[in-house]
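The structure appears below as structure tokens.
The values are calculated or read from the model by the stated rules, or taken from the named source; none is laboratory data. Being a predicted model, the structure only gives us computed values, none of them experimental. Counting neighbours? That spans all protein chains shown, and the Cβs are built from the backbone with ideal geometry, glycine included.
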């Protein structure tokens with residue numbers, strides 16, 4: 001993947017021939033789960049290479065908090081969160097997770113209890129996350145997510161969170 005690169009002592013990458021250092025971008029997420037009280041701070045991608053162990057940690061972190069079940073998240077969702085934070089001017093900020101993956105059971109439970117949950121929610125496909133970003137108004141998060149045109153964006157002003165998914169582009 002890093003053709004033409006050699007690794008030198010001190011773990012910095014340099015172009016072959018000793019040119020200037022090459023530093024592939026690190027994609028980091030810092031998350032706090034409102035239901036479990038857990039935090040994660042993980043580099044899940046370097047350049048174009050996703051780090052399987054880090055991705056597995058994110059999948060575990062975003063598990064259905066009601067059942068403990070996990071699902072492999074669509075990697076585009078992680079990139080969306082990373083890019084959203086950068087565009088909001090908070091690249092090292094922490095994201096509050098309201099809801100990650102939901103099993104069909106959890107989704108049906110929420111539907112039956114009047115929470116306005118979609119029958120075929122992207123949460124069940126591990127392609128959606130409901131978020132808050134401390135210090136950033138949810139309306140601003142919504143507007144920036146909408147401008148990115150990378151999936152669905154739902155705005156829940158009364159509950160103070162934004163739904164972002166990597167399904168088809170739409171809004172509510």
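The table below lists the values:
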| quantity | calculated |
| --- | --- |
| Residue list for the range 130-142, filter: outside any loop (DSSP other than H, G, I, E, B) and touching a strand residue (DSSP E or B) at 6+ places or on another chain (Cβ under 9 Å) | 130, 131, 132, 133, 138, 139, 140, 141, 142 |
| Output for the range 79-109, where each listed residue is over 23 Å from residue 157 (Cβ atoms) and touching a strand residue (DSSP E or B) at 6+ places or on another chain (Cβ under 6 Å) | 82 |
| Any pair with Cβ under 9 angstrom, 6 or more apart, that starts in the range 145-172 at a residue that is at positive phi and ends at one that is assigned to a strand (DSSP E or B) and surrounded by fewer than 16 Cβ atoms within 10 Å (Cβ to Cβ) | 151/170 |
| Filter result for the condition that a residue is closer than 21 Å to residue 36 by Cα and surrounded by fewer than 16 Cβ atoms within 10 Å (Cβ to Cβ), over 92, 143, 69, 64 | 69 |
| Test: residue in the range 99-113 that is at pLDDT below 95 and part of a loop (DSSP other than H, G, I, E, B) | yes |
| Subset of the range 34-52 (residues that are outside any loop (DSSP other than H, G, I, E, B) and in contact with a strand residue (DSSP E or B) (Cβ under 9 Å, 6 or more places away or on another chain)) | 39, 40, 41, 42, 43, 44, 45, 46, 50 |
| Residue match in the range 4-27 (condition: at pLDDT 95 or above and surrounded by 14 or more Cβ atoms within 10 Å (Cβ to Cβ)) | yes |
| Residue list for the range 95-122, restricted to those being under 12 Å from residue 69 (Cβ atoms) and surrounded by 18 or more Cβ atoms within 10 Å (Cβ to Cβ) | 100, 101, 102, 103, 106, 107 |
| Unique residue being in a strand (DSSP E or B), in contact (Cβ under 8 Å) with a residue 24 or more places away in the chain and touching a strand residue (DSSP E or B) at 6+ places or on another chain (Cβ under 7 Å) when the list is 31, 58 | 31 |
| Yes/no for residue 76 being at pLDDT 95 or above and either in a loop (DSSP other than H, G, I, E, B) or buried (at least 18 other Cβ atoms within 10 Å of the Cβ) (or both) | no |
